[in-house]
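Structure in structure tokens, see below.
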Amino acid sequence: MKTIAIISQKGGTGKTTLALNLAVAAERSGQSTVIIDLDPQASAKGWHDHRQAEAPVVISSQASQLSKILATAETHGAKIIIIDTAPHSETSALTSARAADLILIPCRPGIFDLRAITTSVDLAKLSKTPAVAILNAAPPRGTLPDEAEQAIQAIGLEVSPIRLGQRAAFVHSLTAGQGVLEYEPSGKAAEEINDVYLWVRKQASM
Ligand SMILES: Nc1ncnc2c1ncn2[C@@H]1O[C@H](COP(=O)(O)OP(=O)(O)OP(=O)(O)O)[C@@H](O)[C@H]1O
Ligand SMILES: [Mg+2]
């Protein structure tokens with residue numbers, strides 16, 4: 001079983017969007033996948049409530065229960081665990097980071113996001129788990145994403161070679177209780193999620 005923690009101390013960077021879409025991709029590739037929703041806002045759980053399919057399973061929980069849930073999931077044959085975390089909750093993010101094989105830090109290519117990313121990077125370093133940033137909601141034109149990538153690398157964090165663009169499909173699919181692979185399988189967003197998923201599999205040897 002492999003565990004991926006999605007953390008970012010800044011709100012709205014795309015943690016839940018990435019968690020749900022990666023989980024759908026993993027499930028579709030035949031890996032039994034569980035999402036652990038540690039955000040008291042329970043967005044991932046809410047998504048599952050609007051979903052027709054049962055898989056991937058979403059478990060709403062607290063960080064203090066994490067090790068117990070991970071052990072139970074493994075006993076039940078889960079192959080991939082994706083932990084969606086809350087912003088502004090360092091203890092919960094650190095617990096998740098420590099329990100994970102790989103940390104993903106989604107970041108929008110904006111100045112406020114870049115300034116805020118250092119807290120998440122510090123948490124990742126403290127956990128000693130490998131961490132990678134993923135640029136999310138990148139605009140189709142302009143130099144902003146490249147500049148953001150350089151700024152993140154300059155503070156010592158690796159950046160995923162695959163970016164997620166600013167795309168309506170990411171918004172509409174989640175409203176419909178789906179991932180972009182289900183909502184618009186031949187769209188650009190689906191292509192990006194497929195690529196990110198394959199890349200994450202390689203990074204986490206899963
Ligand atoms: N690549 C994208 N393109 C377009 N919209 C996006 C993209 N990624 C995320 N969004 C939208 O941005 C908003 C915030 O995304 P999301 O909820 O995934 O962030 P979050 O980091 O989980 O937020 P929070 O910190 O509140 O938990 C949502 O409305 C989502 O639909
Ligand atoms: Mg969220």
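The values are calculated or read from the model by the stated rules, or taken from the named source; none is laboratory data. All figures in this text were calculated on a predicted structure; none of them were measured in a lab. Because the Cβ atoms are built from the backbone with ideal geometry, glycine has one as well, and the counts that use them run over all protein chains shown.
Check LEU114 against each of (1) in contact with a helix residue (DSSP H, G or I) (Cβ under 8 Å, 6 or more places away or on another chain); (2) within 13 Å of ligand 1 (Cβ to nearest atom); (3) closer than 14 Å to THR13 by Cβ and name the one condition it does not meet.
Answer for LEU114: the failing condition is (2).
In addition: Which is modelled with pLDDT of 95 or more and farther than 26 Å from ALA176 by Cα, of LYS45, LYS128? Give the steps one after another, and end with the answer.
On the way: LYS45 fails: farther than 26 Å from ALA176 by Cα.
Of LYS45, LYS128, the one residue that is modelled with pLDDT of 95 or more and farther than 26 Å from ALA176 by Cα is LYS128.
Name the single residue that is farthest from the chain's Cα centre (by Cα) among those in the range 1-56 being within 11 Å of ligand 1 (Cβ to nearest atom) and among the β-branched types (Val, Ile, Thr).
Out of the qualifying residues, it is THR13.
May I ask you to verify whether ILE59 is closer than 28 Å to SER205 by Cβ and within 16 Å of ligand 1 (Cβ to nearest atom)?
no
Hand me the list of helices (runs of 4 or more DSSP H) wholly inside the range 77-179 holding 2 or more residues that are away from ligand 2 (no atom under 16 Å from the Cβ), over 15 Å from the mean Cα position of the chain (by Cα) and in contact (Cβ under 8 Å) with a residue 12 or more places away in the chain.
Answer list for the range 77-179: 90-99, 111-127, 144-154.
For the range 72-90, what are the residues that are more than 16 Å from ligand 1 (Cβ to nearest atom) and either buried (at least 19 other Cβ atoms within 10 Å of the Cβ) or β-branched (Val, Ile, Thr) (or both)?
Of all residues in the range 72-90, those more than 16 Å from ligand 1 (Cβ to nearest atom) come to 72-81.
Passing the criteria: THR72, ALA73, THR75, ALA78, ILE80, ILE81.
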